[in-house]
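Have a look at the structure below, then the notes.
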Amino acid sequence: MENKYKSVIDEAVERLYERYPELAVKYGEAGRKKCYEDNVHHFNYLESASDVGESNVFSDYALWLNSVLVSRGMKSDHLIDNFRCIIESLEMSGVEKGEDFKLYLNEAIKSIQKADRENMPAN
């Protein structure tokens, strides 16, 4: 799995770190390695979703992951931006299931944004 999408994951991590240079300062090389590992997990779930042809497999994972990250002080935007970096990297890669993966990533982004709207405190 890792080698199959390594170039796409490398590109996505690079894009994310270009957009957020403070990540390198805050987390260093260990953070970049963890980001890469997290993206490997994303691709494992993308593969599973593609294997069964169900976008909700990935969206459910993304919603769960987002709740974990938010509970640890991160913002949904961090995960969404990571997914967008993967989409951009997939667009240039030509990987076999790239179109499915982009669809699932976009669906997950919409699910996270919808959940955020529903969880906003009422004014």
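Quick one: would you say residue 68 is out of contact with any helix residue (DSSP H, G or I) (no Cβ under 8 Å at 6 or more places or on another chain), farther than 19 Å from residue 14 by Cβ and at pLDDT below 95?
For residue 68, the condition - out of contact with any helix residue (DSSP H, G or I) (no Cβ under 8 Å at 6 or more places or on another chain), farther than 19 Å from residue 14 by Cβ and at pLDDT below 95 - is met.
So, in segment 71-91, of the ones that are at pLDDT 95 or above and of a type in the set (D, E, K, R), which residue ends up farthest from residue 110 (Cα to Cα)?
88
Which numbered condition trips up residue 66, out of (1) surrounded by 15 or more Cβ atoms within 10 Å (Cβ to Cβ); (2) more than 14 Å from the chain's Cα centre (by Cα)?
Result: residue 66 passes all but (2).
Restricting the search to segment 83-113, which residues are open to solvent by 10 Å² or more (accessible area, probe 1.4 Å) and of a type in the set (S, T, N, Q)?
Across segment 83-113, the qualifying residues are 93, 106, 111, 113.
Looking at (1) open to solvent by 70 Å² or more (accessible area, probe 1.4 Å); (2) at pLDDT 95 or above, can you tell me which one residue 117 breaks?
Here residue 117 clears every test but (2).
Pick from segment 3-57 the residues that are outside any helix (DSSP H, G or I) and more than 26 Å from residue 111 (Cα to Cα): which of them is most open to solvent (accessible area, probe 1.4 Å)?
3
Out of all the residues in segment 1-32, which are more than 17 Å from residue 83 (Cα to Cα) and either at pLDDT 95 or above or of a type in the set (Phe, Trp, Tyr) (or both)?
Of everything in segment 1-32, just one residue is more than 17 Å from residue 83 (Cα to Cα) and either at pLDDT 95 or above or of a type in the set (Phe, Trp, Tyr) (or both), namely 27.
Could you check how many residues of segment 36-52 are of a type in the set (Gly, Ala, Ser) and without any contact (Cβ under 8 Å) to a residue 40 or more places away in the chain?
Total meeting the criteria: 1.
Evaluate segment 86-106: report whether one residue or more is acidic (Asp, Glu) and under 10 Å from the mean Cα position of the chain (by Cα).
no
The values are calculated or read from the model by the stated rules, or taken from the named source; none is laboratory data. Note that the structure is a prediction, hence the values are computed from the model and not measured. No Cβ is skipped: glycine too gets one built from the backbone with ideal geometry, and neighbour counts run over all protein chains shown. Heads up: the accessible areas ignore ligands, DNA and RNA and are worked out on the full protein's heavy atoms, side chains in. Shrake-Rupley method; radii C 1.70, N 1.55, O 1.52, S 1.80 Å.
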